[in-house]
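Laboratory data are not the source of any read-out in this text; all were calculated from the coordinates shown. Remember, predicted model here, so these are calculated numbers, not experimental data. Neighbour counts run over all protein chains shown; Cβ positions are idealised from the backbone, glycine included.
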Amino acid sequence: MKQLKFLLNSFKRKRFYNAGYENVIIPLKPKVIGEFLGVIAGDGSVYFDKKYYHYTIRIFLHAKDDYEYALYLKKLIEQEFNKKVLVLYKGKNDMFLSFKSKKIYDLISYFLRIGNNKTLNVCLNDELQNYSKEFLRYFVRGIFDTDGSVQSRRVRVKCISKNLMLQVSDILTQNQIANSLRLVKDKRDNCHDCYEITIGKEQINRFQRIIGLSNPRKLKKLKCGSRDSDPGYVRTA
């Protein structure tokens, strides 16, 4: 995988590994980096504070619905990246994970196209064929874990970045997961149109088997949906 080979070489440079810099580890596991970057593409933000020279990464979640998932992500980042993560709250419903790291900021900037407006521009920087299949599957998982929704007979994900949704749709198609991509118009002032991918009930089993989810709340719904879509399954309660 070209991207990880690049990291293996470039992250050995002195500016990343001198003793006085930071002890962050960049894992060279496609599934870990893929899932992490999918989460950032979905509900993450990256910010460089020129005044204090801080590189801040945040992941925004629902305080109640995503609490278990927040703990999962906190553990993933702390164990795999060796970076302490703070869990912070804003009001009753909003929470976010927060940490500062130039090394992880550089990792995100290398893999993802951020631009001036992350939500509008975010997508993978390179052509899909330059990533491993494992990386791409987990990248899609991270996006569905954050921006996706699981309903009784379908799975959906919605985003205003057209390029990201085209990439996700292509990755699903490459894995023989049929999906539909449509433009959803938003007539409200100062709101962007968005793009929505839908996976129908007949594809839920395949989606669960190949992509899956790490968000406990959504995974529970996905498993229920996969049983409902299985003609050999009989509900007893």
Which residues' amide hydrogens lie under 5 Å from the amide hydrogen of H54, considering only partners 5 or more residues apart or on another chain, with H built in the peptide plane? D49
Using θ = phi - 60° and Karplus 6.51 cos²θ - 1.76 cosθ + 1.60, couplings along the range 88-96 (whole Hz; Gly, Pro as x): 10, 10, 9, x, 7, 10, 10, 9, 8
Angle, helix 133-147 long axis vs. longest principal axis of the chain, Cα atoms, 0 to 90°, nearest 10? 80 degrees
Whole-Hz ³J(HN,Hα) for each residue in the range 189-201, computed from phi via Karplus 6.51 cos²θ - 1.76 cosθ + 1.60 with θ = phi - 60°, x for glycine and proline: what do you get? 5, 6, 10, 8, 5, 10, 10, 10, 9, 10, 10, x, 4
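What FRET efficiency comes out for the pair Q174/D126, r = Cβ-Cβ distance, R0 = 22 Å, nearest 0.05? Walk me through the numbers before you get to the answer.
On the way: r = 15 Å, r/R0 = 0.69.
For R0 = 22 Å, the calculated efficiency reads 0.90.
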With 0.36 nm assigned to each residue of separation and the Cα-Cα distance removed, E80 to H54 gains 7.2 nm
One-quarter of the Cα convex hull surface for the chain, in nm²? 14.9 nm²
Highest-fluctuation residue, Q174, Q151, Q208 considered, GNM on the chain with Cα pairs under 10 Å: Q174
Where is the GNM fluctuation largest for the chain (alpha-carbon springs, 10 angstrom cutoff): G148, G212, G200? G200
Angle, helix 216-228 long axis vs. longest principal axis of the chain, Cα atoms, 0 to 90°, nearest 10? 30 degrees
Karplus 3J(HN,Hα) series, Hz, for the range 53-68 with 6.51 cos²θ - 1.76 cosθ + 1.60 (x for Gly, Pro): 6, 9, 10, 9, 10, 10, 10, 9, 9, 7, 4, 8, 5, 10, 4, 4
If amide H atoms are modeled at 1.01 Å from N in the peptide plane, then the residues at a separation of 5 or more from C123, or on another chain, having amide H under 5 Å from its own are R113
Set K50/K187; K50/K221; K74/K187; K84/K158; K92/K201; K50/K218 screened for pairs whose C-alpha atoms are more than 32 Å apart: K50/K187; K50/K221; K74/K187; K92/K201; K50/K218
Long-range Cα-Cα pairs in the range 51-97 (distance over 15 Å), rounded percent: 45 percent
Write down the radius of gyration of the range 111-182 and its Dmax, each obtained from C-alpha positions, in Å. 12.1, 37
Using only Cα atoms, what Kirkwood radius does the range 28-68 have, in angstroms? 11.9 Å
